[in-house]
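The values are calculated or read from the model by the stated rules, or taken from the named source; none is laboratory data. Since we're looking at a predicted model, the values are computed, not measured. Neighbour counts run over all protein chains shown; Cβ positions are idealised from the backbone, glycine included. Side chains are part of the model used for accessible areas, which takes the heavy atoms of the whole protein and leaves out ligands, DNA and RNA. Shrake-Rupley method; radii C 1.70, N 1.55, O 1.52, S 1.80 Å.
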Amino acid sequence: MNCPDCTHDRTRVIDTEARTGGTAVRRRRECRCCSFRFTTYERPAWDSLQVKKRDGALEPFDRAKLRAGIERAVEKRDVTDTTVTSLIDQVEATLQERETRLVSSNRIGELVSAQLREVDVVAYIRFVSVYKAFSDPEAFRRELDAVLDGTSGVDEGQSPQPTTETDNYHSDTTNP
Ligand SMILES: [Zn+2]
C-alpha cells in the first residue's frame, strides 16, 4: 500500500474496523516516511466466492447479476435503490460469514427472498416464482397462500425443500 502523499511504499495499519454489514474493512494507515494518515476500505475478495447453479455448474458470485434479478422483482414497486443496495449488502454479509467459498444459487435465492419478503410482498412473490422455478402450480399456490395468510405456513411448508438442497450441496463439497 503506497502513501497517497509521498508515494512511499511502507505504511503501517494503525486501526482496523469491520464495518457494520461486513461488506468492507476500514483501515487507518500511516506512512512510515512522512507520517501522512489515510483511510482505506477493503472489500473482501468476492471473486473467490463460487456459486453452484441448479445444473451443477459453477460461476463466480456476481453482485450486478444478483442486483438485476432483484430489480426485475421490484419493478414498478415502491422500493428504492437504497433499499435494494442494503438488501444486497445484507445478503453479501451473510455469505461472507460462511466458512466455505461455495454457495448454491438456491441458498442465495433463499437469503434474498427472506429479505425481500420484509420489503415488498409482491416483489417477493415475483422473485420466488423465478428462483424456485415452480414446476408444480400447486407448490406455487401454497407459497402464495402462505404469504396471503400472513407469516404462518411458509416456514413449515417450504423449508423441507431447501434443506434437501443444502444437504446435496454439503455432500458435493466433500467430494473433490
Ligand atoms: Zn508518505
Item checked: region 116-137, residues that are outside any loop (DSSP other than H, G, I, E, B), without any contact (Cβ under 8 Å) to a residue 60 or more places away in the chain and open to solvent by less than 50 Å² (accessible area, probe 1.4 Å) -> Leu116, Ala123, Tyr124, Ile125, Phe127, Val128, Ser129
Margin query: If I ask for residues that are touching a helix residue (DSSP H, G or I) at 6+ places or on another chain (Cβ under 7 Å) and among the hydroxyl-bearing types (Ser, Thr, Tyr), which ones from region 86-100 would you list?
Written below: Thr94, Thr100
Next item on the list: With the checklist (1) at pLDDT 85 or above; (2) within 16 Å of the ligand (Cβ to nearest atom); (3) touching an Asp or Glu at 6+ places or on another chain (Cβ under 9 Å) in hand, flag the one item Glu30 doesn't pass.
Entry: (3)
Margin query: Can you find a residue that is aromatic (Phe, Trp, Tyr), more than 15 Å from the chain's Cα centre (by Cα) and not in a loop (DSSP other than H, G, I, E, B) anywhere in region 45-64?
Written below: no
